Amino acid sequence: MLPILNVTIPFFALVACGYLAARARRVPGSAVGALNTFVLYFALPAMMFRFASGAPLSAIANLPVFGAYALTGVVVLALTAFGLRWGNRDKWPDVAFGSLAASWANWGYMGIALLPALLGERAIATLMAAGIADLTVVVSVSLALAARASGGNRSTFAATTGALAGVARNPLIWAIGAGMAASGLELRLPVAIDEFLRLLGTAAGPVALFAIGVTLYRPHKARIRAETLIIVVTKLLVHPILCAAIAIHLFGVDRESARVLILMAALPAAGTVFLFAERHGANHDRIAAVILVSTVIAFFSFTGFAALVAGTG
């Protein structure tokens with residue numbers, strides 16, 4: 001357990017630093033956009049491209065990994081949606097994004113930093129394949145649910161195609177695609193460019209984790225209701241357990257890749273869900289509470305899953 005804590009404590013401490021900096025007004029709220037821009041458009045794409053260009057195509061274009069993670073996300077989303085719609089009587093936008101918070105892990109900022117540190121750099125290829133499944137399948141299903149508020153098949157179709165168009169504009173998708181093309185063509189980067197990308201990519205993890213902490217701080221206290229805790233438990237416990245069952249027993253994913261998927265699913269809710277909820281007029285205060293609580297509890301739950309995964313040999 002101590003070797004795992006030696007990895008998780010520093011990473012979650014960086015999140016805490018961002019939170020405390022925002023709380024102490026050392027980092028203004030306006031800085032969040034700049035931090036996110038640096039991570040999303042510069043540091044993470046550099047890391048993704050550099051790794052994808054040096055990895056075998058088969059490691060990233062991994063259909064069992066893609067299928068297992070996509071199915072897991074959709075099942076978790078559907079189960080949560082059922083509970084929120086018929087158990088809590090939520091409106092469709094609230095159903096859509098409450099469910100997305102339970103099924104979309106923060107792999108973009110937190111997973112990219114944590115998983116390679118725990119499982120080695122080979123984890124990044126699996127993370128890419130599973131991340132593409134999240135962006136193309138799980139997010140699209142959620143947006144299709146949100147479109148039910150307007151009624152009609154046309155709005156559902158428009159929401160789905162809009163989501164896919166958004167995926168096509170995502171810089172991470174472009175970076176992965178360009179890296180895979182470079183790998184397929186067996187292109188070798190010049191030393192100076194490779195070193196530039198390495199330096200830029202190295203900054204992704206620390207800045208992303210600090211940015212998460214800054215984003216978590218809100219001047220007003222988050223209202224934590226019963227359904228908030230249910231979503232958090234679903235995200236941190238049901239999602240990884242179901243992922244293990246589907247990946248190993250249904251898709252026959254190899255043990256090493258299954259470890260990556262389980263720990264991806266064990267991560268807290270993705271911060272981008274808040275932006276979706278705010279844009280669609282959904283209950284974004286609940287999403288903010290889910291993200292905050294799941295990130296705090298994830299220090300313990302994620303560390304526990306990491307210890308279990310490491311103990312599977």
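The values are calculated or read from the model by the stated rules, or taken from the named source; none is laboratory data. These numbers were taken from a predicted model, which means no experiment stands behind them. Ideal geometry is used to build each Cβ from the backbone, glycine not excepted, and the neighbour counts take in all protein chains shown.
The table that follows gives values for the structure above.
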read-out: Breaking point among (1) crowded, with 20+ Cβ neighbours inside 10 Å; (2) at pLDDT below 85, for Ala204; value: (2)
read-out: Inter-residue pairs, beta-carbon under 8 Å, first closer than 23 Å to Pro3 by Cα and in segment 108-133, second in a loop (DSSP other than H, G, I, E, B), 6+ apart; value: Tyr109/Gly271; Met110/Leu267; Met110/Pro268; Gly111/Leu267; Leu114/Leu267; Ile124/Ala55; Thr126/Asn62
read-out: Criterion: in contact with a Ser or Thr (Cβ under 6 Å, 6 or more places away or on another chain) and farther than 27 Å from Ala269 by Cα - qualifying residue of Ala182, Ala178, Ala192; value: Ala182
read-out: Hey, Leu275 touching a residue at least 24 places away in the same chain (Cβ under 8 Å) and either surrounded by fewer than 23 Cβ atoms within 10 Å (Cβ to Cβ) or closer than 18 Å to Met110 by Cα (or both) or not; value: no
read-out: Any hit, segment 45-56, residues being surrounded by fewer than 18 Cβ atoms within 10 Å (Cβ to Cβ) and over 24 Å from Leu185 (Cα atoms); value: no
read-out: Residue check for Arg89: in a loop (DSSP other than H, G, I, E, B), surrounded by fewer than 23 Cβ atoms within 10 Å (Cβ to Cβ) and not hydrophobic (A, V, I, L, M, F, W, C); value: yes
read-out: Residue ID - farthest from Phe42 (Cα to Cα), chosen from residues in segment 207-230 that are surrounded by fewer than 19 Cβ atoms within 10 Å (Cβ to Cβ) and among the charged types (D, E, K, R); value: Arg225
read-out: Which numbered condition Leu267 fails, given (1) of a type outside the set (Lys, Arg); (2) over 14 Å from the mean Cα position of the chain (by Cα); (3) at pLDDT 95 or above; value: (2)
read-out: Test: residue in segment 63-71 that is touching a helix residue (DSSP H, G or I) at 6+ places or on another chain (Cβ under 6 Å), in a helix (DSSP H, G or I), at pLDDT below 95 and under 16 Å from Thr136 (Cα atoms); value: no
read-out: Close pairs from segment 213-231: first within 19 Å of Tyr109 (Cα to Cα), partner among the aliphatic types (A, V, I, L, M) and in a loop (DSSP other than H, G, I, E, B), Cβ under 8 Å, at least 6 apart; value: Val214/Val27
read-out: Val74 touching a residue at least 60 places away in the same chain (Cβ under 8 Å), more than 27 Å from Pro190 (Cβ to Cβ), out of contact with any strand residue (DSSP E or B) (no Cβ under 8 Å at 6 or more places or on another chain) and part of a helix (DSSP H, G or I); value: yes
read-out: Pick from segment 231-261, criterion among the β-branched types (Val, Ile, Thr) and either crowded, with 24+ Cβ neighbours inside 10 Å or over 19 Å from the mean Cα position of the chain (by Cα) (or both), ranking: farthest from Glu121 (Cα to Cα); value: Ile231
read-out: Single unsatisfied condition, Ala61 versus (1) more than 29 Å from Ala192 (Cα to Cα); (2) surrounded by fewer than 18 Cβ atoms within 10 Å (Cβ to Cβ); value: (1)
read-out: Among the residues listed as Ala46, Ala96, Ala81, the single one being of a type in the set (Gly, Ala, Ser), farther than 19 Å from Ala289 by Cβ and in contact (Cβ under 8 Å) with a residue 60 or more places away in the chain; value: Ala46
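Yes or no, residue by residue, for (1) in a helix (DSSP H, G or I); (2) modelled with pLDDT of 90 or more; (3) among the acidic types (Asp, Glu):
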residue	(1), (2), (3)
Thr8	yes, yes, no
Val15	yes, yes, no
Gly18	yes, yes, no
Arg25	no, no, no
Leu40	yes, no, no
Pro45	yes, yes, no
